Structure formats: C-alpha cells, structure tokens
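Chemist: First the structure, then my questions, so here it is.
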Amino acid sequence: MANLALFNLIVYNLLQINLQNVIIFHCWKLTALYPLAQLFSHNSIFSQFIYLNQSHESLANFHKEYLDSELTKLGVFLDMNCAHSAFITNQSSRQRIFTHYFQWSLYDETGNMTQLVQQFENANLSINADVTYIKPAKLHNDSVFILYDVYNKGSHLGGKLNITIDQSVYCNESSCVRQHYLSDLYKRTRLQQRSDLSGITFRHAAVVSKVPINSSEDKLLEFLESENEPHWDFMSRMLYKSNVHLQELFKFNVKFHWMDQWSINDYIGGAMGELVTEAAEISSTPFVISPARLTYIFPLTDVTQFRSICIFRTPHNAGIQMGVFLAPFKPSVWLTFGCLLLFSSLLLWLIFRLEHRWTQHCLQYMPSILTSCLITFGAACIQGSYLIPHSSGGRLAFIALMLTSFLMYNYYTSIVVSTLLGSPVRSNIKTMQQLADSSLDVGFEDIGFTRVYLDSSPRADIRSLVRQKVEKHDPKSIWLTGKEGVLRVRDQPGYVFVSETTFLYTFVEKYYLPHEICELNEISFRPESALYAMIHINSTYRELLKQAMVRMLESGITSKHRLFYSKSKLHCFSNNYVINVGMEYAAPLFIALLTAYIAAILIFVIEIVWARLGRRQLQSVE
C-alpha cells in the first residue's frame, strides 16, 4: 500500500536527476494517488498513471503506447508487487527498454531479492541501464528505504546480473534526505563504475584482404599485429591496434568474425553489415560516414583520412622546344628590340659614313650596311665589335647599344635558366571529367572499395570515366596490383593509376628517384573523407567506448598509429632534380644553326654567281 513517504521518494529520485516526465505502473486505488499527483503538480513533473491489474491484452502493446517517446529520458516507476509486474519487465527486456533512455525505479515492498534475481537474471539488461531497486530498510518501516543499482554487462555476451547496494534515504510525509552512503558508488560516475567488462566477449568484425581469409586465426592475428609492410590493410591494422588498447582497458574478451571486404554497398555485407545487424560489437576497420549509414551506426571518433587519387607522371622539362627560348619576352618586346637593332644598324652605318667623309681620321675601310647590321647583332649577343666609331657621339651611341643589349641578355638568360631548372611542368588536367575526356590510359588498383565506388557513384564525371576508360578496355589491362600500377606510371609517362594514397605513396617512395617524385601529378578520385571507428547506433556500449576513444585521441595514441600506418604526402626536394638535356631539347638550336649555314651558303653562291656575271659584262664591254 502506497504512503506519503514513498510518494516523496519517487519525487526525490526524479528531482535528483532533473527529470520532468514520469510513467507510474501501479496497482493502487485511485484515491490513494491523489497526494502523488499533487506532488507532481507542485514540482512541475508531467505524469501518467497505468493501472496494472487489468488483462494482458490491454497491456500487450504498452511499450508502444506509453514508452515509445521522443523524450531524451523518461522516468518509469514500477510496483513489483502488482500482479502483472513480471509481464512488464519481461516485455521491456524483449523490447530492449532497459537502457539509459529510461530511468527505472523498481519498488518492492516485501524486499524479496530472490524475486528480483529471477526476473532479471536472464533479462536483456544493458550496461548503461539506469535501474534502481528500492525496498524498505525493515519490514513495515515506511520511512527508510534502501536503494540498489542494477545492471548487466551484457547478458547476450556472457554478462552476469550485478546488484550493488548504493544508499539509504529517509523520507517522511513532507520530504526526503539521504541518510547514508552504503558503498563507494557515489565516488564514480555510472560509466566509471561499470568500466570493467571482464567476463563478456565482444564480437569483433576483422577485415583482412592481403592474407587468405581461410588461413588459421593465429596467422590472421599475426598479420594484424605485425608491423611489416604497414601499407597492407593499413586501415584495419591501425584500428585493430586501438581495439587492443580498448580490450586492455576494459578487460573484455574477443571473438573474431573474419571477412575480406568492408561492405557491398553503404550498409550491407562485410564488416559494415556485421555492425548494422548487430552481429558484431566492434570492427577492426574504420568507415566513411554516409547518410545511409548514419541510420544504423554511430561514429565514435575519427581515426585517419581517406584519400583516393589518380597519379601520372609528367617528365621534367617535358615538351620544352623552341617555345622556351622565345617565352622570356612577349612578341611586342621582340619586335621592339628588333626594330631597335635595325635602327642602331642604320645609325652606325651613317656614323661610319660621316666619319669616313668628314673626319680627319679617315677610315681605310668603310663598313657596308650589312656589316653594320652584323656589328649590331653581335653587340646584342654580347660579342662586341672590332669596328667602333671614332667620334664621341658615335661611341656614346655604341655604348648605349651595348648597355641595352646587356640588360636584355641578362633578363633573357635568367628567365630561360629558371624555366629549365625550375618546377616540373604540370599537366593541365585537373578534374576527373578532363581525365575522362583525355587520351590518357587509366588503371585501377584491384581493391574492393574502388570497384564499389565505380559501380555505385552517382557523380557524372565518374560515370563518364567508367564509360570511356573502363567499359571500353580489357579488364586485365585496367585492374592492376599497386606495385604494377606505380611502376607503369614511372616507366610510361602519361599513364594514370588510381589507388589510395598510403598504398601509392609507399611504392612511390620505394621505387621512384627524388626528381621522379617531383614529376607526379595528382587528381582527386573521390572527395577526401575522414574515417571513423563505428558502432551500432543502439549499442549500449556506445558512450563507454566513445569516451575511451576520445581519450586515446587526446593522449596521442591514435596519432601514433596513424603516423606509422598511413602516409599523407610525398616529399619533393627541388635540389634533387637531375636535368637530362637531350637532343629533343637542343634540336631547335641546331636546326636554326643548320638553317643559317644553308642560307649563308646560298647567299655566298649567289654572290659568286653575281660577281662572275659582273666580270663577264666588263669583259664584253672591253
């Protein structure tokens, strides 16, 4: 029979955790509930009363009718001495309602602990359950109550029912006060109190693709724990290391579910499917977040970054021909400089002519206009001249020509040298659509998530890439191992290979020379994303594991594993360039020289013919 002391205890428990909503499962008379309703009203607590002494049919869907709420947390009071209280607890166990979303207060006026154990020993009672068992301190003593904390580490994983005495509370008809702490539970939070998971066995979805999945478990574990070839399944091995720390911290056992794929699509198959169907509590591989996955799973913390890129090599100074020797100046500058040289040639020719005619230092040799042009061109090439004007004005004009040519020559040589020895020439292909439309051959590393992305991506540029670079080619030439693809990129400039950065960078650093690394171009194959450790969204271990993962992230343990197993960039050292100047670069110069020689020979032949014709005319006149 309910009394005012019990009613005050109910309100006291709700106010202790600041709850404003409660459901009372009772078998009391309606007249006896009036004082309790008044207490709820005075403390602004919204309440609903459910009478238990009714048929099973009326209570069959009580969890949907009364407990299916959008509230963050709901208080539930159950009188265990009512006729159908066992039905309520059994149905709540089946529907997994004993979680942190509900604050259960189980009142037993008889204090029959045996009955409590019978009802909850095999119940689906979670580790984050907020269940308080209340009984009078002494039979027929309605003023002092003993409170017990009730939870299970995980009955479906081998956990045992845990009932821990907490405190005694004294209540009278007006208020309640804590009388004594009967254990040290108050010194720790609920999660700290339940952090020891010894005795339960977590199901661990472990992904291994580089070792045959039918190998012995010892061999598979040896691979995950090994630090050799860290780029192989680096995501699984990296998170496996973190899971080992979790196992050491919480002392749970592990049963491995071995598989060789992450997922078939967003949330079906592989390790992701194990988490979604709750066939596994934790996974050895992190995942990219997607809207479809967030319906079923909860991200604990980010572990590393996932970058899938396309790389291809542009050889240093590739394509440099005559353009590089004309590039330092715009056409207008070349035209202006040519006009200046022509003007200087005419000016020198006039100066030589005037000096020959009017100065006292008569020249024994009078340069022609072509010779003046040659002198001017030699000055432009910083070659000087053995013929210089004798007058002061003429020499000043020649000095001005040499000074202008000196400045032009220094600008020209510095720009050409910096172009030849500067940064590698980069490709103008920057997007996946440009790559799809190009004539470059493309290869892919034969890994599961790349095939899935090509098959399922809705992006227009990826669909275009599949049509033009995948469907039209032999699969044997498209799908390669990481080593084969990286070596083909090195040996065939312009060949494109697609893979994850850590895998690519490991082979690039192993097989490429420093200057070859600097010649690589990168295109993002898919948006860069963070990889998160995942757990089922309704997992009762969610908050416990999240706090542990965050502590590992803050302490640097996660970063340590990330730096060892994953690579985020390649190092390009510009002072390691090896410049191989071959005929393909110098050919334009030799062609220009050969053309000049041919032109000189033709002009020389024409002059000889012209001179002979002149002699014949003179002989005929004589």
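Conditions (1) surrounded by fewer than 18 Cβ atoms within 10 Å (Cβ to Cβ); (2) assigned to a strand (DSSP E or B); (3) among the polar types (S, T, N, Q), marked per residue:
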site: Leu14; (1), (2), (3): no, no, no
site: Ile24; (1), (2), (3): no, yes, no
site: Leu36; (1), (2), (3): no, no, no
site: Ser58; (1), (2), (3): yes, no, yes
site: Phe77; (1), (2), (3): no, yes, no
site: Phe87; (1), (2), (3): yes, no, no
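Chemist: For Met238, all conditions in the list (1) touching a residue at least 60 places away in the same chain (Cβ under 8 Å); (2) among the hydrophobic types (A, V, I, L, M, F, W, C); (3) out of contact with any strand residue (DSSP E or B) (no Cβ under 8 Å at 6 or more places or on another chain) hold save one; what is the number of the exception?
Modeler: Exception for Met238: condition (3).
Chemist: Filter the range 232-254 down to residues that are among the hydrophobic types (A, V, I, L, M, F, W, C), closer than 30 Å to Gln192 by Cα and not in a helix (DSSP H, G or I), then give me how many there are.
Modeler: Of the residues in the range 232-254, 2 are among the hydrophobic types (A, V, I, L, M, F, W, C), closer than 30 Å to Gln192 by Cα and not in a helix (DSSP H, G or I).
Chemist: When you scan the range 99-118, how many residues do you find that are closer than 27 Å to Thr189 by Cβ and outside any loop (DSSP other than H, G, I, E, B)?
Modeler: Total satisfying the criteria: 9.
Chemist: Could you go through the range 221-231 and let me know if any residue there is out of contact with any Gly (no Cβ under 8 Å at 6 or more places or on another chain), outside any loop (DSSP other than H, G, I, E, B) and under 20 Å from Thr450 (Cα atoms).
Modeler: Looking through the range 221-231, none of the residues is out of contact with any Gly (no Cβ under 8 Å at 6 or more places or on another chain), outside any loop (DSSP other than H, G, I, E, B) and under 20 Å from Thr450 (Cα atoms).
Chemist: For the range 182-195, indicate whether the set of residues that are among the acidic types (Asp, Glu), surrounded by fewer than 14 Cβ atoms within 10 Å (Cβ to Cβ) and in the same structural domain as Lys160 (by TED's automatic domain parsing) is non-empty.
Modeler: yes
Chemist: Right, here's the next one. Test Ser126 against the criterion of being under 22 Å from Val76 (Cβ atoms) and in a helix (DSSP H, G or I), and give yes or no.
Modeler: It is false that Ser126 is under 22 Å from Val76 (Cβ atoms) and in a helix (DSSP H, G or I).
Chemist: With (1) assigned to a strand (DSSP E or B); (2) free of Cβ contacts under 8 Å to residues at least 40 places away in the same chain as the list, and His257 as the residue in question, which single condition is left unmet?
Modeler: Unmet condition: (2).
Chemist: I've got another one for you. Quick check on the range 245-274: of everything there that is hydrophobic (A, V, I, L, M, F, W, C), out of contact with any Leu (no Cβ under 8 Å at 6 or more places or on another chain) and closer than 22 Å to Arg451 by Cα, which residue is surrounded by the fewest Cβ atoms within 10 Å (Cβ to Cβ)?
Modeler: Ile268
Chemist: Please verify whether the range 172-180 includes one or more residues that are more than 28 Å from the chain's Cα centre (by Cα), closer than 30 Å to Gln38 by Cβ, assigned to a loop (DSSP other than H, G, I, E, B) and hydroxyl-bearing (Ser, Thr, Tyr).
Modeler: Yes, the range 172-180 has at least one match.
Chemist: Going by what's in this entry, would Tyr133 be described as in the same structural domain as Cys171 (by TED's automatic domain parsing), modelled with pLDDT of 90 or more, more than 22 Å from Gly199 (Cα to Cα) and not in a loop (DSSP other than H, G, I, E, B)?
Modeler: When the stated conditions are applied, Tyr133 passes them.
Chemist: If I ask for residues that are surrounded by 15 or more Cβ atoms within 10 Å (Cβ to Cβ) and within 24 Å of Val207 (Cβ to Cβ), which ones from the range 500-529 would you list?
Modeler: Passing the criteria: Glu500, Thr501, Thr502, Phe503, Leu504, Tyr505, Thr506, Phe507, Phe525, Arg526, Ser529.
Chemist: Right, another one. Within the group Phe377, Phe352, Phe398, which residue is modelled with pLDDT of 70 or more, under 60 Å from the mean Cα position of the chain (by Cα) and of a type in the set (Phe, Trp, Tyr)?
Modeler: Unique residue meeting the criteria: Phe377.
Chemist: Take the residues in the range 415-433 that are at pLDDT 75 or above and exposed (fewer than 15 other Cβ atoms within 10 Å of the Cβ), then tell me which one is nearest to Gly494 (Cα to Cα).
Modeler: Asn428
Chemist: With the requirement that a residue be over 14 Å from Leu354 (Cβ atoms) and either in a loop (DSSP other than H, G, I, E, B) or not assigned by TED's automatic domain parsing to the domain that holds Phe337 (or both), what does the range 376-402 give you?
Modeler: Once the filter is applied, which keeps residues that are over 14 Å from Leu354 (Cβ atoms) and either in a loop (DSSP other than H, G, I, E, B) or not assigned by TED's automatic domain parsing to the domain that holds Phe337 (or both), the range 376-402 yields Cys381, Ile382, Gln383, Gly384, Ser385, Tyr386, Leu387, Ile388.
Chemist: Taking interchain pairs and intrachain pairs at least six residues apart, which have beta carbon atoms under 7 angstrom, with the first residue in the range 44-57 and of a type in the set (A, V, I, L, M) and the second part of a strand (DSSP E or B)?
Modeler: Sorted first by the residue in the range 44-57, then by its partner, the pairs are Ile45/Val22; Ile50/Ile23; Ile50/Ile24; Ile50/Phe25; Leu52/Phe25; Leu52/His26.
Chemist: Scan the range 300-317 for residues that are modelled with pLDDT of 85 or more and either over 30 Å from Lys241 (Cα atoms) or buried (at least 20 other Cβ atoms within 10 Å of the Cβ) (or both) and report the count.
Modeler: 11
Chemist: Hey, any hits in the range 95-107 for a residue that's more than 26 Å from Leu544 (Cβ to Cβ) and touching a strand residue (DSSP E or B) at 6+ places or on another chain (Cβ under 8 Å)?
Modeler: The answer is yes, given that some residue of the range 95-107 is more than 26 Å from Leu544 (Cβ to Cβ) and touching a strand residue (DSSP E or B) at 6+ places or on another chain (Cβ under 8 Å).
Chemist: Does Ile289 qualify as being surrounded by fewer than 22 Cβ atoms within 10 Å (Cβ to Cβ), farther than 25 Å from Lys219 by Cα and in contact with a Gly (Cβ under 9 Å, 6 or more places away or on another chain)?
Modeler: Judged against the criteria, Ile289 is not a match.
Chemist: For the range 271-291, how many residues meet the condition of being closer than 13 Å to Tyr532 by Cα, touching a residue at least 60 places away in the same chain (Cβ under 8 Å), out of contact with any Ser or Thr (no Cβ under 6 Å at 6 or more places or on another chain) and part of a loop (DSSP other than H, G, I, E, B)?
Modeler: 2
Chemist: Next question. Of the residues that sit in the range 89-98 and are assigned to a loop (DSSP other than H, G, I, E, B) and surrounded by fewer than 20 Cβ atoms within 10 Å (Cβ to Cβ), which one is nearest to the chain's Cα centre (by Cα)?
Modeler: Arg96
Chemist: Something else: Any residue that is out of contact with any helix residue (DSSP H, G or I) (no Cβ under 9 Å at 6 or more places or on another chain) and closer than 16 Å to Ile447 by Cβ - is there at least one of those in the range 238-247?
Modeler: So far as the range 238-247 goes, no, none of its residues is out of contact with any helix residue (DSSP H, G or I) (no Cβ under 9 Å at 6 or more places or on another chain) and closer than 16 Å to Ile447 by Cβ.
Chemist: Which of the residues belonging to the range 102-118 are surrounded by fewer than 19 Cβ atoms within 10 Å (Cβ to Cβ) and out of contact with any Lys or Arg (no Cβ under 6 Å at 6 or more places or on another chain)?
Modeler: Matches in the range 102-118: Glu109, Thr110, Asn112, Met113, Thr114, Gln115, Val117, Gln118.
Chemist: Only one of Gln193, Gln167 is touching a helix residue (DSSP H, G or I) at 6+ places or on another chain (Cβ under 8 Å), under 18 Å from Leu106 (Cα atoms) and not acidic (Asp, Glu). Can you tell me which?
Modeler: The match here is Gln167.
The values are calculated or read from the model by the stated rules, or taken from the named source; none is laboratory data. None of the values given here were measured: they were computed from a predicted structure. Positions of Cβ are generated from backbone atoms using ideal geometry, with glycine treated the same way; all protein chains shown enter the neighbour counts.
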